[in-house]
Ligand code: AMP
Ligand code: MG
């Protein structure tokens, strides 16, 4: 792309984990959404990308100098069942760019046509779901949560057959890498052991360079991924985010949230909340996410065993010890985050209990997760009404207030400090749905406005109060999300 300098370490290092490929030519690419700030960060002038040539580059019709497009191979446990060969069925890694701040970024196209990994799929993506991924990842970024980023959405000019014919689109994604737990599973399954060995070296160099000097680099690497994921899942849990499809192919090594298929934010607090139409057993319900992350990390650990110790039994023992760190790491990150959400400067020993009991009140009251946390700072500022109207009727509320007061007496944060972690605005399902419906019908206005609201989630934006409100009950009760669309 104009001005982009590519340096493709994945292609250079990891022969055996990709197929060189090119995008299906799009009939009439049109750039619909561009993230100007991210474009600049990557060293590209957004105006260049707005030219017809820019759209051709972003959609994959023209390969920019230095790019080496490949479809990446990976395996994955999907809802617990192992698929030995998934890979980018409808996506391409265009290449890697190093930013002025010396960050290596994958530039990745999703919806760019069938690849050797497409299996039965058409390789395409519909406009609505690609806008949805753009919106969700940019909202997560604004919330301060590690995530892949959205650079652009381009309509292709071709139709995509789903239940009806829909406009096709390509989503351009930026990530610190696309290495997944499933990448390691795939490499570990190959006859050639050098592939896994090269993958471990590549991942360490890219994400955990200090692990090179550890006594057992693969173990230090595993520990770092465990920490990064514990931190990430804690952050999800602190904002009510439900990924929806935490298969091992959708879990990164970097600790960035990836593959926003059926994800959604929860309104009324209930740990059993599931939105995905295919998650019948509730495997990826809100409250199961930490456990599922650990399950996935165990699959990563299995792939790494030969590099942890040549003796299989002792490798398992060492890896198990590492995995056992996860619950503590998660609980610590979550408790610290909850302490700030509750406005506690000194962190009491029983902060997790105080937070758990607060959540239990929310659940009993059927209270909205996001706005009830936000109402804590109003309460601290003397306006008790919002919190009382959410939770006042729940048994045990007054007793909880007494405990909260006692905890705050030993060290309290200001209302402003609480507001900096308790968002006013999250991408609520009814708003996202409305914006995508309008966009698919040709009106991008509501989408653009929603993205703009979500860029500053912690700041009250006068005139935009309706974006802070939960969905109407009739919407919320029947809401379902879909993946792979
Ligand atoms: P996802 O649910 O989007 O994470 O995708 C799971 C797997 O299915 C990945 O290997 C995707 O590349 C593949 N996939 C999803 N949709 C399509 C499609 N329309 N055509 C080809 N492959 C697809
Ligand atoms: Mg995926």
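The values are calculated or read from the model by the stated rules, or taken from the named source; none is laboratory data. Being a predicted model, the structure only gives us computed values, none of them experimental. Note: ideal-geometry Cβ built from the backbone for every residue, glycine included; neighbour counts use all protein chains shown.
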**OP:** Return a yes/no flag: does the range 49-59 have any residue that is surrounded by fewer than 20 Cβ atoms within 10 Å (Cβ to Cβ), touching a strand residue (DSSP E or B) at 6+ places or on another chain (Cβ under 9 Å) and closer than 17 Å to residue 175 by Cβ.
**Re:** no
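Take the range 117-129 and flag every residue that is within 11 Å of ligand 1 (Cβ to nearest atom) and either under 19 Å from the mean Cα position of the chain (by Cα) or surrounded by 19 or more Cβ atoms within 10 Å (Cβ to Cβ) (or both).
Filtering the range 117-129 for residues within 11 Å of ligand 1 (Cβ to nearest atom) gives 117-126, 129.
Once the filter is applied, which keeps residues that are within 11 Å of ligand 1 (Cβ to nearest atom) and either under 19 Å from the mean Cα position of the chain (by Cα) or surrounded by 19 or more Cβ atoms within 10 Å (Cβ to Cβ) (or both), the range 117-129 yields 117, 123, 124, 125, 126, 129.
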**OP:** With respect to residue 144, determine if the residue is within 15 Å of residue 21 (Cα to Cα) and in a loop (DSSP other than H, G, I, E, B).
**Re:** no
Original post:
So which residues in the range 6-21 are buried (at least 18 other Cβ atoms within 10 Å of the Cβ) and part of a loop (DSSP other than H, G, I, E, B), if there are any at all?
Top reply: 8, 14, 17, 21
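Being in the same structural domain as residue 381 (by TED's automatic domain parsing), surrounded by 15 or more Cβ atoms within 10 Å (Cβ to Cβ) and over 19 Å from the mean Cα position of the chain (by Cα) is true for just one of 428, 408. Which residue is that?
On the way: 428 fails: over 19 Å from the mean Cα position of the chain (by Cα).
Going through 428, 408 in turn, the sole match is 408.
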Original post:
Just checking, how many residues over the range 148-165 are within 15 Å of ligand 1 (Cβ to nearest atom) and closer than 25 Å to residue 424 by Cα?
Top reply: 1
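Check 302, 215, 256 and return the single one that is at pLDDT 95 or above and either farther than 23 Å from residue 198 by Cβ or within 16 Å of ligand 2 (Cβ to nearest atom) (or both). Outline the logic, then answer.
Numbers: 302 fails: either farther than 23 Å from residue 198 by Cβ or within 16 Å of ligand 2 (Cβ to nearest atom) (or both); 215 fails: either farther than 23 Å from residue 198 by Cβ or within 16 Å of ligand 2 (Cβ to nearest atom) (or both).
Answer to the check: 256.
Every residue in the range 210-245 that is in a loop (DSSP other than H, G, I, E, B) and surrounded by 24 or more Cβ atoms within 10 Å (Cβ to Cβ), please.
Once the filter is applied, which keeps residues that are in a loop (DSSP other than H, G, I, E, B) and surrounded by 24 or more Cβ atoms within 10 Å (Cβ to Cβ), the range 210-245 yields 243, 244.
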Original post:
Just for the range 247-274: of the residues that are assigned to a strand (DSSP E or B) and farther than 19 Å from residue 87 by Cβ, which one is nearest to ligand 1 (Cβ to nearest atom)?
Top reply: 257
Original post:
When you scan the range 23-36, how many residues do you find that are surrounded by 16 or more Cβ atoms within 10 Å (Cβ to Cβ) and farther than 12 Å from residue 57 by Cα?
Top reply: 5
Subject >> Positions within the range 474-485 being modelled with pLDDT of 85 or more and away from ligand 1 (no atom under 16 Å from the Cβ), in sequence order >> reply: 474, 475, 479
Original post:
Within the range 354-431, which helices (runs of 4 or more DSSP H) (wholly inside it) include 1 or more residues that are in contact (Cβ under 8 Å) with a residue 24 or more places away in the chain and more than 15 Å from residue 339 (Cα to Cα)?
Top reply: 369-380, 385-391, 397-409
